[in-house]
1. For the stretch 309-323, does any single residue satisfy the condition of being in contact with a Lys or Arg (Cβ under 8 Å, 6 or more places away or on another chain), in a helix (DSSP H, G or I), assigned by TED's automatic domain parsing to the domain that holds L214 and more than 13 Å from V202 (Cα to Cα)?
2. Quick check on A329: is it assigned by TED's automatic domain parsing to the domain that holds L222, in a helix (DSSP H, G or I), within 21 Å of the chain's Cα centre (by Cα) and touching a residue at least 24 places away in the same chain (Cβ under 8 Å)?
3. List every residue pair whose Cβ atoms sit under 8 Å apart, with the two residues 6 or more apart in sequence or on different chains, where the first one lies in the stretch 229-245 and is in the same structural domain as K197 (by TED's automatic domain parsing) and under 15 Å from V261 (Cα atoms) and the second, anywhere, is among the hydrophobic types (A, V, I, L, M, F, W, C) and surrounded by fewer than 14 Cβ atoms within 10 Å (Cβ to Cβ).
4. In this structure, does K46 turn out to be assigned by TED's automatic domain parsing to the domain that holds W366, farther than 15 Å from L74 by Cβ and outside any loop (DSSP other than H, G, I, E, B)?
5. State the number of residues belonging to the stretch 282-306 that are closer than 22 Å to L88 by Cα and not polar (S, T, N, Q).
6. When the residues of the stretch 60-84 are narrowed to those that are within 16 Å of D9 (Cβ to Cβ) and under 27 Å from the mean Cα position of the chain (by Cα), which ends up surrounded by the most Cβ atoms within 10 Å (Cβ to Cβ)?
7. Do any residues in the stretch 151-173 that are in contact (Cβ under 8 Å) with a residue 60 or more places away in the chain and among the β-branched types (V, I, T) have Cβ atoms under 8 Å from those of residues that are buried (at least 16 other Cβ atoms within 10 Å of the Cβ) and in a strand (DSSP E or B), where the two are at least six apart or on different chains, and which pairs are they?
8. R204 is checked against (1) surrounded by 16 or more Cβ atoms within 10 Å (Cβ to Cβ); (2) touching a helix residue (DSSP H, G or I) at 6+ places or on another chain (Cβ under 7 Å) and fails just one. What number does that condition carry?
Amino acid sequence: MKVLFVLPDLSGGGAEKVTLSNIKALRNEGIKADLYVFCKKGDHLKLLDPEWAFFFSYEDKLAKTYAFKVLKDLVNLSKNYDVIVGALEIKSFLFVALAKMFSRKKTLGWLHKDLGVYFDITPWYKTLPYRFLMKASISQFEKIVCVSKGVQKSLQSNLDIGSEKSITIYNPFSFDELYQKANSAPDNKLLALFDKKVFISVGRLTRQKNFPLLLDLHHQLLEKGLDHNLLILGEGEDRKQLENYAQTLGVAGSVYMPGFVNPYPYIKKSDLFILTSLYEGLPTVLIESMILGTPICSVDCPSGPREILDNGEDGLLLPQAQNIDVNEAVKSICELFEAEEALPAFRQKMAQHKNQFSDQTVTKQWQVLLKSVIHHDQN
């Protein structure tokens with residue numbers, strides 16, 4: 001079985017990273033999984049394994065007439081594979097769909113975001129062509145792989161895609177690699193924060209992550225007497241705004257934003273992981289926190305947290321950020337730390353459910369899907 005995954009480049013996004021993880025997991029099971037990118041650039045280039053077959057059309061930037069060369073190269077490469085996977089909407093979807101018209105190979109799309117949320121926050125003059133191009137691409141695919149049930153439901157309702165056309169397969173996680181990263185030595189300056197409770201969040205400092213709500217929660221929790229430090233790991237264009245807001249609330253002395261660092265030692269040591277996002281696809285950091293045994297508090301944003309936390313059985317599930325009552329949320333968090341059995345119960349539940357995200361479990365699901373796609377016409 002030979003599979004080619006297709007990406008525009010290897011920039012620092014989660015979809016690119018999880019594609020590399022999936023390729024590695026499939027290869028460990030004896031499947032020839034390779035990668036083609038339009039342009040050889042991005043932070044994740046360093047994650048490439050030299051044993052993989054890695055193809056690209058441009059060295060560092062795309063030419064103005066890149067479309068013809070990318071399509072030509074992809075059609076030629078497709079001849080050597082059983083299945084071609086457009087691993088990120090929308091550019092890779094388009095080129096994989098176009099290449100299929102010439103190569104007649106089996107194709108899949110891999111959808112990482114909630115389309116309903118995207119359409120809600122994007123101007124109509126952009127969503128109109130996006131809808132058309134997505135539907136046209138999907139019509140060429142055997143299946144669409146969705147990273148969560150929420151993403152799958154959103155795909156079906158927003159593009160009128162039948163349920164038989166899509167399937168949910170979670171992103172794969174290597175537990176051993178995660179444990180290894182979590183056991184690496186933390187920075188001594190940050191280690192000093194753990195003299196008291198630490199609540200942590202991880203993500204780009206952007207509007208989507210809704211960190212002002214996190215600062216509001218932090219402020220109110222301190223007012224209620226729940227002494228702790230807040231650690232936010234990530235970087236982004238909203239840094240200055242968040243620093244100013246922390247100053248306005250009077251909590252700058254207990255809020256720490258060191259930028260991009262290895263987050264896993266700090267997630268593992270923290271008392272609570274908090275997610276306040278406006279929207280997600282499948283929030284990787286929640287799954288990583290679950291695997292590392294760190295209790296979770298998350299808003300019920302579309303999509304992913306409700307699935308990951310099993311409707312609130314595996315962690316504290318708050319209302320969506322737009323509807324949240326900060327006082328009620330603070331009360332719920334305080335009750336977590338007042339009730340002796342609450343946090344251990346969450347840890348036990350997480351330990352029971354985390355294996356659904358293991359690379360072994362997910363790889364088996366991909367194997368079943370790939371075999372069914374390849375042999376579909378023979379049945």
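The values are calculated or read from the model by the stated rules, or taken from the named source; none is laboratory data. Because the structure is a prediction, the values reported are computed rather than measured. Counting neighbours? That spans all protein chains shown, and the Cβs are built from the backbone with ideal geometry, glycine included.
1. yes
2. The answer is no for A329.
3. Taking only residues 6 or more apart or on different chains, the pairs are L233/F260; G234/F260; E235/F260.
4. In short, yes.
5. Adding up the residues that qualify gives 10.
6. Filtering the stretch 60-84 for residues that are within 16 Å of D9 (Cβ to Cβ) and under 27 Å from the mean Cα position of the chain (by Cα), the one surrounded by the most Cβ atoms within 10 Å (Cβ to Cβ) comes out as V70.
7. Cβ pairs passing all conditions: V151/L111; V151/T168; I167/K143; I167/I144; I167/V145; I167/C146; I169/V145; I169/C146.
8. (2)
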